[in-house]
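Colleague: Sending over a structure as structure tokens; questions will come in a sec.
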Amino acid sequence: MARFSGKTVLVTGAASGMGRAAARRFADEGANVVVLDLDRAALEKANAELPQDRLLIQPGDTTDMAAAAAAVKAAVDRFGALDVLINNAGIFRAGTITETSEADFERMMAVNVTGYFHMAKAAMPELVKTKGAIVMTSSVSGIGGDWGMFAYNTSKGAVTNMVRAMALDAGKDGVRVNAVNPSLTDSAMTKDMQAHPELLAKFNERMPLGGPIPAEGIAAVMAFLASDDARYVTGVNLPVDAGLTASNGQPAQ
């Protein structure tokens, strides 16, 4: 497919995991791709195989509004327009409310929520021009709660409703806003979890299609939501969870 030929896509958190997979997916479908993450060397290594004439490496911290604005400007300066924003950069810290420090809570909200706000605010004027789309990375943890993940649940719950609110406001300008809500995904963020076979077994009890989900599987859904195939889809938080949220929570019999 070449659904994004001639279009420009900006992917945050593109040095690893779902962001890296998304950059590859959009490049494979013909897009100009702007990849943003904290470290230039990591970005260059992760995206070395992408067509260099359609790639822009943009180091930056999404928690800084100036960096977000600079990334959008760089995309437009290089490729002429911005059609899609993949708001994907994120971090994870475990802990109950009593175990969560103020610094960890503030950092989680800064990256997972404020960073998304910065990028969307910077990108919106350009997306209005192109009638473009935003795809956020939320989580099944933004749909329901988890044990021992207080700050992460709080941040992803905010993203889930950010999507709805932004979709309502941006629709009049022809901009669509959606999210993917993954369960356990094969990424650097989940390496510690995947190191425990008993925990993986518990996940697989709840995921009919099995997990962890390959990052490429999430990227494929991102590409669908960003494409004209989803031109009447907005304000949706789409579980990409191998069937986990199909359950009402009762144990298998």
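Only the coordinates and a few stated rules stand behind these numbers; no lab work does. For clarity, every value in this text was computed on a predicted model and none was experimentally measured. Note that each Cβ is placed from the backbone with ideal geometry, even for glycine, and that neighbours are counted across all protein chains shown.
Colleague: Which value, in debye to the nearest 20, gives the size of the charge dipole of the stretch 110-253 about its Cα centre, when Lys and Arg are +1 and Asp and Glu are -1 at the Cβ?
Modeller: Here the stretch 110-253 has a charge dipole of around 420 debye.
Colleague: While we're here: Are there chymotrypsin sites (Phe, Trp or Tyr not before Pro) in the stretch 96-145 that DSSP marks as loop and that have at most 10 other Cβ atoms within 10 Å, and which are they?
Modeller: Working: sites: 105, 116, 117; in loops: none.
In loop regions of the stretch 96-145 (DSSP not H, G, I, E or B), there are no sparsely surrounded chymotrypsin sites (Phe, Trp or Tyr not before Pro).
Colleague: Name the residue farthest towards the positive end of the dipole of the stretch 69-146 from the options 140, 115, 71, assuming +1 on Cβ of Lys and Arg, -1 on Cβ of Asp and Glu, about the Cα centre.
Modeller: The one lying farthest along the dipole's positive direction is 71.
Colleague: If the chain between residue 52 and residue 5 were fully stretched, how many nm would it gain, using 0.36 nm times the residue separation less the Cα-Cα distance?
Modeller: Values: separation 47, 0.36 × 47 = 16.92 nm, distance 1.50 nm.
Going from the current span to full extension adds 15.4 nm.
Colleague: For a Förster distance of 41 Å, can you work out the FRET efficiency between the beta-carbons of residue 70 and residue 99, rounded to the nearest 0.05?
Modeller: On the way: r = 36 Å, r/R0 = 0.88.
The calculated FRET efficiency here is 0.70.
Colleague: If Lys and Arg each add +1 and Asp and Glu each add -1, what is the summed charge of the other residues whose beta carbon sits under 12 Å from the beta carbon of residue 94? Write out the running numbers ahead of the final one.
Modeller: Numbers: positive: 93; negative: 99, 104, 146, 192.
Residues near residue 94 contribute -3 overall.
Colleague: Something else about it: Put +1 on the Cβ of every Lys and Arg and -1 on every Asp and Glu Cβ in the chain; which of 19, 196, 152 then has its Cα farthest towards the positive end of the dipole?
Modeller: Of the listed residues, the answer is 19.
Colleague: Taking H placed 1.01 Å from N in the peptide plane, check which residues at least 5 places from residue 33 or on another chain put their amide H under 5 Å from its amide H.
Modeller: Under 5 Å from the amide H of residue 33 lie the amide H atoms of 9, 55, 56, each far enough along the sequence or on another chain.
Colleague: Report the number of Lys pairs in the chain whose alpha-carbons are under 23 Å apart, with separation of 8 or more residues or on distinct chains.
Modeller: Total qualifying Lys-Lys pairs in the chain comes to 18.
Colleague: To continue, here is another question. Round to the nearest 0.05 the FRET efficiency obtained for residue 91 and residue 252 when R0 = 30 Å and r is the Cβ-Cβ distance. Spell out each step's value before the answer.
Modeller: Details: r = 33 Å, r/R0 = 1.09.
Using R0 = 30 Å, I get an efficiency of 0.35.
Colleague: Go ahead and set up a Gaussian network model of the chain, Cα springs under 10 Å, then flag whichever of 65, 18, 124 fluctuates most.
Modeller: Result: 65 has the largest fluctuation of those listed.
Colleague: Using the per-residue mean of other Cβ atoms lying within 10 Å as a proxy for protection, in what order, highest first, do the peptides 217-228, 28-39 fall? It would help to have the intermediate numbers written out before the result.
Modeller: Values: 217-228: 21.0, 28-39: 22.6.
Ranked from most to least packed, the peptides come out as 28-39, 217-228.
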